[in-house]
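To start, the structure under review is shown below, and the notes come after it.
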Amino acid sequence: MIKIPSLTLLLQLMLLLFLTSTIQLVFAKGKDNVREACKVTRYPKLCFRSLAQFSNAAGTSPSKWARAGVSVTIGEVKHVLVYLARLKKIQGQVGGRRSRAALSDCIETSRDALDELHRSLGVLRKLSKNTFGTQMDDLNTWISAALTDQDTCLDGFQGQRVGKEIRLLKIKVIRSYYITSNALALVNKLATTGIGSIADP
C-alpha cells in the first residue's frame, strides 16, 4: 500500500525546490554581471575566470568592478614575486650572468608594479566626486606604469636561452600582464561612466 506523504514533508520538498531555483537564478545573474563587465577588456575569458568570484558582490557597479580588477591583479603580482624570491635563492642554477641580471631587474620592476597597484587600490577605495577626474588620471598613470614594469621584466630575458624555471616565470608574468591590462580597462570604463557610478551601493 502506497503511503501519502505528510503535509510537513510536502512543505519541506516545496521549500527545497524554491531555494534551489532561487540559488540558480542568483548564480545565473552573477554570471551575466561578470560577463557584461568583462566585455570592455582585452582578454575577456581570463577576465571572466579571474573575476567570477565577485559577480554578485560587484553587481553592475563600475567602481566595484574596477576595485575587484585591481585587487585580483595585486594577487597575481604577489604570486610572481613569490616565485621570483624562490628563483633568487637558486639563481646560480637558472642561467648565466645575463639571466641573473634580468632576474634582479624583474624583482625590482615587479615590486614597483605592486606598489603602483596598491596605490591604485587605495584611490579606488576612497573615490570622491570632488576629485574624480584627478583620481582617474592617477589610476591610469599608475596601472599603465605597472604594465610597463611587467613588460620590462619580460624584455630582460629576450634573446636568451633560458631553462624551465625562467620559462615558467615568463608565463606567470604574461598572465599577470594580461590581468593588469584587464584591470586598466575596467578603470577606464569607470572613468567613462562618470562620477555618478561611484555612488553605486
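The values are calculated or read from the model by the stated rules, or taken from the named source; none is laboratory data. On a predicted model such as this, the values are computed, not experimentally measured, just so you know. Cβ atoms come from the backbone with ideal geometry, glycine included; neighbour counts cover every protein chain shown. What goes into the accessible areas is simple: the full protein's heavy atoms, side chains included, and nothing from ligands, DNA or RNA. Shrake-Rupley method; radii C 1.70, N 1.55, O 1.52, S 1.80 Å.
Quick check on residue 50: is it surrounded by 20 or more Cβ atoms within 10 Å (Cβ to Cβ) and either assigned to a helix (DSSP H, G or I) or under 12 Å from the mean Cα position of the chain (by Cα) (or both)? Can you show your working first?
Numbers: surrounded by 20 or more Cβ atoms within 10 Å (Cβ to Cβ): yes; either assigned to a helix (DSSP H, G or I) or under 12 Å from the mean Cα position of the chain (by Cα) (or both): yes.
When the stated conditions are applied, residue 50 passes them.
Within the range 153-165, can you find the residues that are in a helix (DSSP H, G or I) and surrounded by fewer than 20 Cβ atoms within 10 Å (Cβ to Cβ)?
Our first condition is that a residue be in a helix (DSSP H, G or I); within the range 153-165, this holds for 153-155, 164-165.
Within the range 153-165, 154, 155, 164, 165 meet the criteria.
Only one residue in 128, 104, 120 is surrounded by fewer than 18 Cβ atoms within 10 Å (Cβ to Cβ), of a type in the set (Ser, Thr, Tyr) and assigned to a helix (DSSP H, G or I). Which one? Can you show your working first?
On the way: 128 fails: assigned to a helix (DSSP H, G or I); 120 fails: surrounded by fewer than 18 Cβ atoms within 10 Å (Cβ to Cβ).
Sole residue among the options that is surrounded by fewer than 18 Cβ atoms within 10 Å (Cβ to Cβ), of a type in the set (Ser, Thr, Tyr) and assigned to a helix (DSSP H, G or I): 104.
I'd like to check something: does the range 14-23 contain any residue that is at pLDDT below 65, farther than 30 Å from residue 168 by Cα and either surrounded by 12 or more Cβ atoms within 10 Å (Cβ to Cβ) or in contact with a strand residue (DSSP E or B) (Cβ under 9 Å, 6 or more places away or on another chain) (or both)?
Of the range 14-23, the ones at pLDDT below 65 are 14-23.
With farther than 30 Å from residue 168 by Cα added as a condition, the list becomes 14-23.
With the extra rule that they be either surrounded by 12 or more Cβ atoms within 10 Å (Cβ to Cβ) or in contact with a strand residue (DSSP E or B) (Cβ under 9 Å, 6 or more places away or on another chain) (or both), the set shrinks to none.
No, the range 14-23 contains no residue that is at pLDDT below 65, farther than 30 Å from residue 168 by Cα and either surrounded by 12 or more Cβ atoms within 10 Å (Cβ to Cβ) or in contact with a strand residue (DSSP E or B) (Cβ under 9 Å, 6 or more places away or on another chain) (or both).
Return yes when residue 78 is surrounded by fewer than 11 Cβ atoms within 10 Å (Cβ to Cβ), out of contact with any Phe, Trp or Tyr (no Cβ under 9 Å at 6 or more places or on another chain), at pLDDT 95 or above and assigned to a helix (DSSP H, G or I) and no when it is not.
Values: surrounded by fewer than 11 Cβ atoms within 10 Å (Cβ to Cβ): no; out of contact with any Phe, Trp or Tyr (no Cβ under 9 Å at 6 or more places or on another chain): yes; at pLDDT 95 or above: yes; assigned to a helix (DSSP H, G or I): yes.
When the stated conditions are applied, residue 78 does not pass them.
Picking from 168, 127, which residue would you name as being closer than 17 Å to residue 87 by Cβ and at pLDDT below 95? Reasoning before the result, please.
On the way: 127 fails: closer than 17 Å to residue 87 by Cβ.
Unique residue meeting the criteria: 168.
Of all residues in the range 59-74, how many are open to solvent by 20 Å² or more (accessible area, probe 1.4 Å) and assigned to a loop (DSSP other than H, G, I, E, B)?
The total comes to 1.
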